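Inspection log for the structure reproduced underneath, given as structure tokens.
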Amino acid sequence: MHPNPAFRATPMDQNLAFARARGFGVLSVNGAEGPLAAHVPFLLSADGDFAELHLARSNPVGRAALAGPIAALIAVSGPDAYVSPDWYGADDQVPTWNYIAVHLRGVLQALPEDHLRDHVDALSAEHETRLLPKQPWVSDKMSEGAMPRMMRMILPLRFDVTAVEGTWKLNQNKTPEVRARAADHLAQQTDPGAQAIAALMRRDLA
């Protein structure tokens, strides 16, 4: 997380809402031989107290969790964009990078096998409803025996959230006029990330 408090003032409920809507992040733990990381979809509870996820049984992060509860972090990234100092219209500026990121800190532990089917169905339902237009996919479409066979290769996990940190770096350390000029230039870029950052900057300035 960025140390400047200007970028750390976003309320917890907004950070949680962002992480919940994104639903994908980098899960990291300390392994015996160094840091371990896995890229995972997750379902964050309505109150933000916990998330459920799964990993391949062969994943080192999953194997570490099988040994007992372990400290972990889920880093959730949003849009990001390079900002040129030429865009500010002010002297003595330097390049920077604007971005959104939320860190969920907590404890990771393996769940009993009987949690897996409900978790997989809930995870797919969450994301299927975001796809338009289509009839949502459901696991009942699978041939008999196919779903249990595939689920034997994955491990259900629970992540209990103990702390939430967010960085919304949108040039809050600049004057409104300077921020507006940078946002105008970002909006003109073809990169979707730059356009998304511009929209967030303009929302803050409204």
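Computed from these coordinates, which is Rg and Dmax of the Cα atoms in Å: (i) 18.1, 56; (ii) 16.0, 44; (iii) 20.2, 68?
(iii)
Could you give the angle, 0 to 90 degrees to the nearest 10, between helix 192-205's Cα long axis and the longest principal axis of the Cα atoms of the chain?
Between the helix axis and the principal axis of the chain, the angle is about 60 degrees.
Phe18: net charge of surrounding residues, Cβ under 15 Å, Lys/Arg +1, Asp/Glu -1, itself excluded? Don't skip to the answer; put the middle values down first.
On the way: positive: Arg8, Arg20, Arg22, Lys169, Arg203; negative: Asp13, Asp80, Glu165, Asp204.
Local charge sum for Phe18: +1.
What is the helix-to-structure angle for 12-22, meaning the angle in degrees between its Cα long axis and the longest Cα principal axis of the chain, kept from 0 to 90 and rounded to the nearest 10?
So the helix axis and the longest Cα principal axis differ by about 60 degrees.
Kirkwood Rh, Cα Rg: Rg to Rh for region 115-206?
In region 115-206, Rg relative to Rh is 1.22.
Exposure proxy check: Tyr82, Tyr99 ranked by fewest other beta carbons within 10 Å? Walk me through the numbers before you get to the answer.
On the way: Tyr82 15, Tyr99 19.
Arranged by neighbour count, lowest to highest, Tyr82, Tyr99 become Tyr82, Tyr99.
What dipole magnitude, in Debye to the nearest 20, does region 5-173 give about its Cα centre under +1 on Lys/Arg Cβ and -1 on Asp/Glu Cβ?
On the way: 14 positive and 19 negative charges, 83 e Å.
Here region 5-173 has a charge dipole of around 400 debye.
Just want the ordering: Trp87, Trp97, from fewest to most Cβ atoms lying within 10 Å of their own Cβ. Mind dumping the intermediate values first?
On the way: Trp87 18, Trp97 10.
By the 10 Å Cβ count, ascending, the order reads Trp97, Trp87.
Order 20-29, 187-196, 102-111 from most to least packed using the mean count of other Cβ atoms within 10 Å.
Working: 20-29: 17.6, 187-196: 14.0, 102-111: 19.8.
In descending order of packing, they fall as 102-111, 20-29, 187-196.
Per residue of the chain, what 222 nm ellipticity follows from adding -39500 (n - 2.57) for every DSSP H run with n ≥ 4, rounded to the nearest 500? Before the final figure, lay out each step's value.
Values: 6 runs with 63 residues, N = 206.
Value at 222 nm, helices only, nearest 500: -9000 deg cm²/dmol.
Tilt of helix 176-187 relative to the longest C-alpha principal axis of the chain, in degrees (0 to 90, nearest 10)?
That helix lies at roughly 60 degrees to the long axis.
Quick one: Karplus J couplings for region 113-118, per residue in order, coefficients 6.51, -1.76, 1.60, θ = phi - 60°, nearest Hz, x for Gly and Pro?
4, 6, 7, 5, 4, 4
Tabulate in residue order the Karplus-calculated ³J(HN,Hα) for region 71-84, using 6.51 cos²θ - 1.76 cosθ + 1.60 with θ = phi - 60°, rounded to whole Hz; enter x for Gly and Pro.
5, 8, 9, 10, 9, 10, 9, x, x, 8, 6, 6, 10, 7
Values quoted throughout were computed directly from the atomic coordinates according to the rules given, and no laboratory measurement underlies them. Only a predicted model underlies this, so the values are computations on that prediction, with no experimental measurement involved. Virtual Cβ from ideal backbone geometry, glycine too; neighbours counted across all protein chains shown.
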